[in-house]
Amino acid sequence: MADPHVTLEPDPRDPVQRKLQGPLEEQLTSALQAATDRVRASYRGEPFDVVCRRLLEETRAGLHQEIAAGFEPDLNELARVAVAIIRGQA
């Protein structure tokens with residue numbers, strides 16, 4: 001499985017969003033990758049929904065509180081990572 005990655009789609013008319021896109025994507029991706037490592041290491045056969053919830057909780061725990069509060073991940077990416085963990089591919 002390729003490492004999980006977060007991609008943002010900023011408003012192209014907003015220069016602040018465009019400027020912050022790269023650093024914020026890096027921070028979110030790093031938090032998701034660390035969460036993936038932690039969930040994979042402690043995975044003991046939990047069902048899909050539990051793995052997805054843990055990935056989200058662990059990712060948010062690795063972020064600044066304000067960023068975590070606004071983090072709405074791509075559920076398809078979260079599901080892809082959860083399935084890889086369950087299958088032992090992550």
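The table below lists the values:
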read-out	value
Whichever residue in the range 42-55 is of a type outside the set (Ser, Thr, Tyr), in contact with a helix residue (DSSP H, G or I) (Cβ under 9 Å, 6 or more places away or on another chain) and assigned to a loop (DSSP other than H, G, I, E, B) and, among such residues, is surrounded by the most Cβ atoms within 10 Å (Cβ to Cβ)	Glu46
Residue among Gly62, Gly70 that alone is free of Cβ contacts under 8 Å to residues at least 60 places away in the same chain, of a type in the set (Gly, Ala, Ser), within 19 Å of Ser30 (Cβ to Cβ) and touching a helix residue (DSSP H, G or I) at 6+ places or on another chain (Cβ under 9 Å)	Gly62
Count of the range 56-75 residues which are charged (D, E, K, R) and either touching a Pro at 6+ places or on another chain (Cβ under 6 Å) or not in a helix (DSSP H, G or I) (or both)	2
The range 9-41, residues that are surrounded by 14 or more Cβ atoms within 10 Å (Cβ to Cβ) and assigned to a loop (DSSP other than H, G, I, E, B)	Pro10
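Here is a yes/no grid of residues against (1) at pLDDT 95 or above; (2) of a type in the set (Asp, Glu):
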position	(1), (2)
Gln17	no, no
Leu20	no, no
Ser30	yes, no
Ala34	yes, no
Val39	yes, no
Pro47	yes, no
Arg54	yes, no
Ala61	yes, no
Glu66	no, yes
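The values are calculated or read from the model by the stated rules, or taken from the named source; none is laboratory data. What you are looking at is a predicted structure, and each value in this text was computed from that prediction instead of being measured. Using ideal geometry, Cβ is built from the backbone for each residue, glycine included, and neighbour counts are taken over all protein chains shown.
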